[in-house]
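The values are calculated or read from the model by the stated rules, or taken from the named source; none is laboratory data. Worth saying up front: this structure is predicted, and the values here are computed from it rather than measured. Note: ideal-geometry Cβ built from the backbone for every residue, glycine included; neighbour counts use all protein chains shown.
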Amino acid sequence: MRIQFAQHVAFEDPGAILKWAEARGHEYTVTRFYAGEELPSPENWDWLIIMGGPMSIHDEDEFPWLKSEKESIRNAISIGKIVIGNCLGSQLIAEALGAKVYKNDQTEIGWFPIEWTPDGQAALYLESAPTELPVFHWHGETFDLPEGAVLLASSAACKNQAFAFGINVFAFQFHLEVLRHNILSMIENEEDELKKESPYIQSKTEILKYSHLADKATDVLVSFLNELEHRWSNSM
């Protein structure tokens, strides 16, 4: 299987997803938009995995590559590729599907629980898992649910935390993919965000104190990716 990663900043790399891909022996390439790289044509990859970043999807003047990336996402969805978005990646998918992306009432940074919907448990093969999972967040925007999409998860601060569109598109506002180095890099590069006043912004100390929670999130991620890989392989 050939995986194409879309990376927007150096400090938000694919983390546990890359580790999973390497363990499974999959081919992969990384497009680094921040370095002026462009996504290769979709015939060169099977899955598109879109990472996060501190910019907004609306910042096309500052980051003009966002325009071509959005078009690539629309195309990938239309031709039936597996498309997975994380944080900014989820918002790009939402807009590609015609939904509005806007500032959330609360900024979420740190470890806060999400609750899977019944549809979410089914879509992510989590029927036997707890309905609540503490996950890592770092976002100030959110999206409306695209028409035809299925809500997968919500949190106290943000209703639309994740959705599926059909059987090949998955969008997660939270970060199931973070490893400890990802968390440290995000804090190092965006620590000013932690100074904002909000009940849903944790301090650096709190974030690092609970960083062991990434293990449970990674377990969920790996289980989902394994099942998605199995289903994709059987469809080929």
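Among the residues of the stretch 184-198, are any buried (at least 16 other Cβ atoms within 10 Å of the Cβ) and touching a Leu at 6+ places or on another chain (Cβ under 6 Å)?
Checked the stretch 184-198: no residue is buried (at least 16 other Cβ atoms within 10 Å of the Cβ) and touching a Leu at 6+ places or on another chain (Cβ under 6 Å).
Give me a count of the residues in the stretch 185-202 that are of a type in the set (Lys, Arg) and either touching a Phe, Trp or Tyr at 6+ places or on another chain (Cβ under 9 Å) or part of a loop (DSSP other than H, G, I, E, B) (or both).
Summing the residues that are of a type in the set (Lys, Arg) and either touching a Phe, Trp or Tyr at 6+ places or on another chain (Cβ under 9 Å) or part of a loop (DSSP other than H, G, I, E, B) (or both) in the stretch 185-202 gives 1.
Being surrounded by 14 or more Cβ atoms within 10 Å (Cβ to Cβ) and of a type in the set (Asp, Glu) narrows it down to one of 119, 105, so name that one.
119
Could you give me the residue pairs with C-beta distances under 8 Å whose first residue belongs to the stretch 108-133 and is over 26 Å from residue 191 (Cβ atoms), whose second residue is part of a loop (DSSP other than H, G, I, E, B) and modelled with pLDDT of 95 or more wherever it lies, and which are 6+ apart or on separate chains?
Here the result reads 115/155, each pair linking the stretch 108-133 to a residue that is part of a loop (DSSP other than H, G, I, E, B) and modelled with pLDDT of 95 or more.
When the stretch 11-67 is examined, which residues are found to be aliphatic (A, V, I, L, M), outside any loop (DSSP other than H, G, I, E, B) and surrounded by 15 or more Cβ atoms within 10 Å (Cβ to Cβ)?
Of everything in the stretch 11-67, those that are aliphatic (A, V, I, L, M), outside any loop (DSSP other than H, G, I, E, B) and surrounded by 15 or more Cβ atoms within 10 Å (Cβ to Cβ) turn out to be 16, 17, 18, 21, 30, 48, 49, 50, 66.
Could you please find all residues in the stretch 130-175 being over 18 Å from residue 213 (Cα atoms), among the charged types (D, E, K, R) and assigned to a strand (DSSP E or B)?
Hit for the stretch 130-175 is 141, nothing else.
Take the stretch 82-98 and flag every residue that is crowded, with 19+ Cβ neighbours inside 10 Å and either of a type in the set (Ser, Thr, Tyr) or over 15 Å from the mean Cα position of the chain (by Cα) (or both).
If the condition is that a residue be crowded, with 19+ Cβ neighbours inside 10 Å and either of a type in the set (Ser, Thr, Tyr) or over 15 Å from the mean Cα position of the chain (by Cα) (or both), then 90, 97 are the ones that fit.
Go through the stretch 28-58 residue by residue and tally those that are of a type in the set (S, T, N, Q) and within 20 Å of the chain's Cα centre (by Cα).
3
Here is a list of conditions, (1) part of a loop (DSSP other than H, G, I, E, B); (2) farther than 20 Å from residue 166 by Cα; (3) of a type outside the set (Val, Ile, Thr), and residue 125 meets all of them except one; can you say which number that is?
(2)
Starting from the stretch 218-233, keep only residues that are farther than 18 Å from residue 175 by Cα and free of Cβ contacts under 8 Å to residues at least 60 places away in the same chain, then list their pairs with residues that are crowded, with 17+ Cβ neighbours inside 10 Å and not aliphatic (A, V, I, L, M) whose Cβ atoms are within a distance under 9 Å, requiring at least 6 positions of separation or different chains.
none
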